[in-house]
Number of protein chains: 2
Amino acid sequence: MEITGLRDIFLSKEEYLNQEVCVSGWVRSNRDSKNFGFLTISDGTFFTPLQVVYHDEMANFGEIAKLGVGAAVIVSGKLIPTPEAKQEFELQAVEISVEGETQPDYPLQKKRHSLEYLRTIPHLRPRTNTFQAVFRIRSQIAYAIHSFFQERGFVYVHTPLITASDAEGAGEMFEVTTLPLNDVPMKDGCVDYSEDFFGKKTSLTVSGQLNGEAFAQAFRDIYTFGPTFRAEKSNTQRHAAEFWMIEPEMAFADLDDVMFIAEDMLKYIIQYVLVNAPEELEFLNQFVDKGLLERLQHIVKSDFARVSYTESVEMLEKVNDRFEYKVKWGSDLQTEHERYLTEEIYKCPVFVTDYPKDIKSFYMKLNEDGKTVAAVDCLVPGIGEIIGGSQREDDLDKLTKRMQELNMNMEDYQFYLDLRKYGSTRHGGFGLGFERAVMYITGMSNIRDVLPFPRTVGNCEL
Amino acid sequence: MEITGLRDIFLSKEEYLNQEVCVSGWVRSNRDSKNFGFLTISDGTFFTPLQVVYHDEMANFGEIAKLGVGAAVIVSGKLIPTPEAKQEFELQAVEISVEGETQPDYPLQKKRHSLEYLRTIPHLRPRTNTFQAVFRIRSQIAYAIHSFFQERGFVYVHTPLITASDAEGAGEMFEVTTLPLNDVPMKDGCVDYSEDFFGKKTSLTVSGQLNGEAFAQAFRDIYTFGPTFRAEKSNTQRHAAEFWMIEPEMAFADLDDVMFIAEDMLKYIIQYVLVNAPEELEFLNQFVDKGLLERLQHIVKSDFARVSYTESVEMLEKVNDRFEYKVKWGSDLQTEHERYLTEEIYKCPVFVTDYPKDIKSFYMKLNEDGKTVAAVDCLVPGIGEIIGGSQREDDLDKLTKRMQELNMNMEDYQFYLDLRKYGSTRHGGFGLGFERAVMYITGMSNIRDVLPFPRTVGNCEL
């Protein structure tokens with residue numbers, strides 16, 4: 001008999017009730033009495049487990065009664081409504097075969113484990129309720145992002161991971177090499193990269209934006225969705241060495257268009273998860289973050305506020321005594337300021353625009369005031385900045401001048417300047433840190449708990 | 001007036017004909033007569049360009065008449081049906097504003113350029129017809145893969161890129177480090193990795209499969225879709241140092257299930273492109289690969305054949321005089337053999353199963369004959385192997401024995417053995433090289449022409 005997934009059974013239960021079915025899964029619990037018992041099993045396709053009832057009429061009753069948590073089974077029987085019970089239905093087993101046994105030292109016995117402990121077993125933690133919820137939602141958010149952009153005609157571009165550029169010094173980089181580290185070839189006191197795989201020094205990318213811009217100048221609307229890397233030794237709850245980023249880029253678009261698409265995208269992915277993972281969100285709302293569901297539902301209905309950096313600073317300066325870091329025009333907003341703006345002042349997501357040029361990247365479009373650039377950060381309650389974007393400088397002369405001011409190596413950026421030389425357009429885009437979005441939508445507070453196999457300083461397990 | 005994308009106009013033309021519209025794009029050609037002229041413009045959202053007619057009633061007629069290829073413009077006017085002409089409609093411009101000029105040295109003047117030349121300008125080649133077609137189809141294939149798996153409840157898993165494992169020696173690896181290469185810290189004659197970012201030697205992954213298996217043992221059906229790396233110095237049309245792979249993995253599944261899902265997936269993505277990129281495929285069929293459309297349409301309708309490696313060898317040995325490399329039981333099939341099987345014998349895609357264990361990976365399930373493993377390669381006409389998969393060894397003792405035979409470091413694989421210790425299930429999966437699929441579906445013969453910014457030995461531009 002063909003195996004049916006629990007997702008099918010739970011989502012189309014009318015088709016299966018009072019029918020013979022065959023299911024598979026892993027044992028979450030096993031309670032046996034004298035001549036019958038209950039297994040709860042999960043097959044990983046649906047959040048809610050299935051209750052299986054077994055009786056001593058089965059030839060292998062003894063074996064089943066002794067089955068431990070984590071064992072894999074295949075069960076056939078009849079799905080029976082149980083209107084009196086907590087669960088809506090149960091499977092009355094006719095046959096249970098043991099697919100794979102477990103061992104008494106199985107690390108996930110039926111009890112609550114701390115997230116810290118679960119981080120030590122990244123290969124097993126996806127079997128727990130919390131990580132079933134987190135990683136299914138992670139997958140759904142990824143798909144929602146693709147759907148959002150593809151439905152709007154954006155072309156998905158795989159920008160390269162290995163790069164010879166230092167990408168405007170956005171962060172410290174990992175070097176990529178095939179040179180023997182115990183015998184690095186040297187020439188005139190320097191590393192002889194001519195013997196390296198690419199014949200030059202290469203690193204792991206910190207952003208695909210500049211490459212993405214080249215494709216936006218051909219396809220108009222594009223997005224990237226791929227891994228990025230930071231070799232920063234900051235050991236915080238929010239930093240990982242390897243994480244995923246989404247970077248849409250749009251030609252013939254200005255800062256308003258950037259904000260419009262960012263707001264639309266955030267609402268779209270949250271709505272997608274609300275519709276497709278209600279059991280998971282319910283669980284996370286109950287056990288991980290009590291305000292989660294309310295916050296998500298609120299965002300979907302909000303109109304995001306818009307305010308300039310300069311106005312924000314004026315508002316924040318009035319309450320400077322609340323902050324550890326005092327706000328002053330010209331310095332970057334800290335998380336405490338961002339959260340105050342979005343949580344206390346606006347009580348909804350807010351776009352802060354037009355930051356001082358000196359705290360932003362070289363490629364951002366200079367505003368007419370000569371002091372600020374057309375940058376935007378999107379701040380959300382509970383987290384602060386979730387998206388950073390800008391309109392890009394599309395004027396060849398202004399861009400060249402800014403790069404010279406910053407002593408950048410123009411030769412490395414010739415391709416980028418070409419985009420301003422041949423059919424330049426107003427254009428812009430933003431970056432969304434994927435894990436930050438997953439943390440926000442699941443309520444998890446440590447980035448290590450939303451990455452399947454997190455890489456952080458000193459930690460590269462499995 | 002709001003800018004409308006050419007994709008909208010071409011796909012919903014009834015809504016726009018005889019209406020005022022505003023469009024944007026880049027000039028592909030400009031023919032001017034005394035008092036009128038024709039621009040063809042492309043905005044990158046649709047393959048077919050739009051013809052724009054302009055007249056000397058416009059104040060900036062002189063400027064427009066001189067516009068070169070590559071310039072960016074915004075045009076408003078009326079969309080008029082042209083039943084007598086080659087194109088179905090044209091835009092009669094009322095106003096054309098120049099968004100960004102171009103220069104006489106623009107490298108993409110209106111003429112055919114060789115693919116080799118275009119590889120030297122990866123930031124501009126997406127503006128050509130060929131690469132408009134290739135990279136839009138690449139994006140569509142990626143999305144079709146996500147849709148295929150998500151519709152079937154597979155969970156998308158981001159397996160890590162930086163890894164401390166040598167992943168069963170599947171290929172040479174790039175090392176990832178933050179150690180200063182001009183002064184590598186040494187200890188007892190070896191590199192002192194305790195000072196490196198992760199405190200140990202790390203590399204770029206060659207496969208996410210082993211990590212994917214851990215998630216399949218929790219979610220049943222999962223897939224990965226991410227970059228993988230090979231530091232092999234093979235300078236061929238089919239090898240890149242950085243490429244993308246899709247690796248689905250299914251618990252409670254055997255080799256039949258693997259073949260079923262692989263066949264279904266290939267047909268799904270080809271069908272998706274046939275429906276969503278007809279203009280692009282038509283172009284590629286005409287200018288790149290004459291048999292392309294017929295081949296794709298044929299595959300969608302074929303039932304893939306199935307044959308064992310042993311039977312294949314028997315058939316191929318009979319025609320051994322045709323081959324450069326002679327076929328013999330025990331050695332791997334070469335591309336010439338694979339193509340003969342799929343093109344000459346079966347004339348359709350074919351799954352070859354049950355290869356000798358010694359030419360396959362340690363994790364493949366040993367068949368009862370003790371000589372072969374439950375491996376499968378999917379061969380397609382015109383290319384040979386496009387997918388490789390297997391049922392995995394799920395028996396702890398057999399897997400341990402095989403790994404010991406191969407002198408593998410058991411400690412590195414403890415997590416992988418755990419999956420067989422706690423609730424092991426029959427399971428399997430496959431790997432699809434994404435670029436190979438893109439090459440197959442676009443007819444492009446060099447992997448450098450399906451990667452946005454290809455990385456190959458000695459080449460890491462932009």
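The values are calculated or read from the model by the stated rules, or taken from the named source; none is laboratory data. What you are looking at is a predicted structure, and each value in this text was computed from that prediction instead of being measured. When we count neighbours, we look across all protein chains shown, and the Cβ atoms used for this are built from the backbone with ideal geometry, even at glycine. Accessible surface areas use protein heavy atoms only, side chains included; no ligands, DNA or RNA. Shrake-Rupley method; radii C 1.70, N 1.55, O 1.52, S 1.80 Å.
Scanning segment A:219-249 for residues that are over 26 Å from B:Phe198 (Cβ atoms), open to solvent by 10 Å² or more (accessible area, probe 1.4 Å) and either among the aliphatic types (A, V, I, L, M) or assigned to a loop (DSSP other than H, G, I, E, B) (or both) returns a single hit, A:Arg220.
Looking only at residues of segment A:199-218 that are among the small types (Gly, Ala, Ser) and either within 7 Å of chain B (Cβ to nearest Cβ) or part of a helix (DSSP H, G or I) (or both), we find that the one that is most open to solvent (accessible area, probe 1.4 Å) is A:Gly199.
Show the residue pairs meeting these rules: Cβ distance below 6 Å; 6+ apart or different chains; first residue within segment B:449-462 and farther than 12 Å from B:Phe243 by Cα; second residue open to solvent by 20 Å² or more (accessible area, probe 1.4 Å) and assigned to a loop (DSSP other than H, G, I, E, B). Listed pairs, sorted by first residue: B:Val457/B:Lys233; B:Val457/B:Asn235; B:Gly458/A:Gly199; B:Cys460/A:Ala164.
If a residue must be in a strand (DSSP E or B) and open to solvent by 10 Å² or more (accessible area, probe 1.4 Å), how many such residues does segment B:336-376 contain? Quick ask: steps written out before the conclusion?
As a first pass, look at segment B:336-376 and keep what is in a strand (DSSP E or B): B:350-356, B:364, B:366, B:372-376.
Now drop any that are not open to solvent by 10 Å² or more (accessible area, probe 1.4 Å), which leaves B:353-354, B:364, B:366.
Number of matching residues: 4.
Scanning segment B:379-390 turns up no residue that is at negative phi, open to solvent by 30 Å² or more (accessible area, probe 1.4 Å), out of contact with any Leu (no Cβ under 8 Å at 6 or more places or on another chain) and acidic (Asp, Glu). Restricting the first member to segment B:220-240 and to residues that are more than 16 Å from B:Gly431 (Cα to Cα) and facing chain A (nearest Cβ under 7 Å), and the second to residues that are open to solvent by less than 40 Å² (accessible area, probe 1.4 Å) and among the hydroxyl-bearing types (Ser, Thr, Tyr), the beta-carbon pairs closer than 9 Å and six or more apart or on different chains are B:Arg220/A:Ser24; B:Arg220/A:Thr45; B:Arg220/B:Thr425; B:Ala231/B:Ser203.
Matching residues to (1) in contact with a helix residue (DSSP H, G or I) (Cβ under 9 Å, 6 or more places away or on another chain); (2) free of Cβ contacts under 8 Å to residues at least 40 places away in the same chain; (3) of a type in the set (S, T, N, Q); (4) open to solvent by less than 30 Å² (accessible area, probe 1.4 Å):
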| site | (1), (2), (3), (4) |
| --- | --- |
| B:Asp43 | yes, yes, no, yes |
| B:Phe46 | yes, no, no, yes |
| B:Val53 | no, no, no, yes |
| B:Glu63 | no, yes, no, no |
| B:Lys66 | no, yes, no, no |
| B:Val75 | no, no, no, yes |
| B:Phe89 | yes, no, no, yes |
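Here B:Val98 clears all of (1) buried (at least 22 other Cβ atoms within 10 Å of the Cβ); (2) free of Cβ contacts under 8 Å to residues at least 60 places away in the same chain except the condition numbered (1). Checking each residue of segment A:157-164 against the condition of being under 21 Å from B:Thr456 (Cβ atoms), at pLDDT below 95 and touching a Ser or Thr at 6+ places or on another chain (Cβ under 6 Å) gives at least one match.
For B:Leu108, the conditions (1) more than 10 Å from every other protein chain (Cβ to nearest Cβ); (2) of a type in the set (A, V, I, L, M, F, W, C); (3) part of a loop (DSSP other than H, G, I, E, B) are fulfilled apart from (1).
Would segment B:133-156 turn up any residue that is touching a strand residue (DSSP E or B) at 6+ places or on another chain (Cβ under 9 Å), farther than 27 Å from A:Asp196 by Cα and in a strand (DSSP E or B)? There is at least one residue in segment B:133-156 that is touching a strand residue (DSSP E or B) at 6+ places or on another chain (Cβ under 9 Å), farther than 27 Å from A:Asp196 by Cα and in a strand (DSSP E or B). Among the residues making up segment B:265-300, a single one is within 16 Å of the chain's Cα centre (by Cα) and assigned to a loop (DSSP other than H, G, I, E, B): B:Ala277. Applying the condition of being touching an Asp or Glu at 6+ places or on another chain (Cβ under 9 Å), of a type in the set (A, V, I, L, M) and more than 16 Å from A:Leu124 (Cα to Cα) to segment B:394-422 and asking which residue is most open to solvent (accessible area, probe 1.4 Å) yields B:Leu406. If you go through segment A:16-55 and keep only what is at pLDDT 95 or above and among the acidic types (Asp, Glu), you end up with A:Glu20, A:Asp43. Each residue in segment B:1-56 was checked for being over 22 Å from A:Gly153 (Cβ atoms) and touching a Leu at 6+ places or on another chain (Cβ under 6 Å), and 1 of them qualify. Hey, can you tell me all the residues within segment A:366-412 that are touching a residue at least 60 places away in the same chain (Cβ under 8 Å) and more than 25 Å from A:Arg238 (Cβ to Cβ)? A:Thr372, A:Ala374, A:Gln391, A:Arg392, A:Met408, A:Asp412, listed by residue number. Being within 19 Å of the chain's Cα centre (by Cα) and either without any contact (Cβ under 8 Å) to a residue 12 or more places away in the chain or more than 30 Å from B:Asp8 (Cβ to Cβ) (or both): is that true of A:Pro83 here? No; evaluated as a whole, the condition is false for this residue.
Condition check for A:Gly443 on (1) outside the structural domain of A:Ile359 (by the TED database); (2) at pLDDT 95 or above; (3) out of contact with any strand residue (DSSP E or B) (no Cβ under 6 Å at 6 or more places or on another chain): one failure, at (1).
If you go through segment A:267-296 and keep only what is within 24 Å of A:Arg152 (Cα to Cα) and either without any contact (Cβ under 8 Å) to a residue 12 or more places away in the chain or open to solvent by less than 10 Å² (accessible area, probe 1.4 Å) (or both), you end up with A:Ile269, A:Ile270, A:Val273, A:Val275, A:Ala277, A:Leu296.
Residues of segment A:406-420 that are more than 18 Å from B:Glu461 (Cβ to Cβ) and either modelled with pLDDT of 95 or more or outside the structural domain of A:Gln217 (by the TED database) (or both): A:Arg420 alone.
Sub-8 Å Cβ pairs linking a first residue in segment B:422-435 that is on the phi < 0 side of the Ramachandran plot and within 13 Å of chain A (Cβ to nearest Cβ) to a second residue that is among the charged types (D, E, K, R) and open to solvent by less than 10 Å² (accessible area, probe 1.4 Å), at least 6 apart or interchain, are B:His427/B:Glu213; B:His427/B:Glu249; B:His427/B:Arg392, ordered by first then second residue.
Only one of B:Ser139, B:Ser114 is of a type in the set (Gly, Ala, Ser), without any contact (Cβ under 8 Å) to a residue 12 or more places away in the chain and closer than 21 Å to B:Asn459 by Cα. Can you tell me which?
On the way: B:Ser139 fails: closer than 21 Å to B:Asn459 by Cα.
Within the list B:Ser139, B:Ser114, the selection yields B:Ser114.
Being closer than 28 Å to A:Phe154 by Cα, part of a loop (DSSP other than H, G, I, E, B), open to solvent by less than 30 Å² (accessible area, probe 1.4 Å) and of a type in the set (Gly, Ala, Ser): is that true of A:Ala262 here? Break it down stepwise before answering.
Numbers: closer than 28 Å to A:Phe154 by Cα: yes; part of a loop (DSSP other than H, G, I, E, B): no; open to solvent by less than 30 Å² (accessible area, probe 1.4 Å): yes; of a type in the set (Gly, Ala, Ser): yes.
No.
Set side by side, the residues A:Arg119, A:Arg152 differ, and just one is surrounded by fewer than 24 Cβ atoms within 10 Å (Cβ to Cβ) and more than 10 Å from chain B (Cβ to nearest Cβ), which is A:Arg119.
Is it the case, given these coordinates, that A:Val191 is surrounded by 19 or more Cβ atoms within 10 Å (Cβ to Cβ) and more than 7 Å from chain B (Cβ to nearest Cβ)? In short, no.
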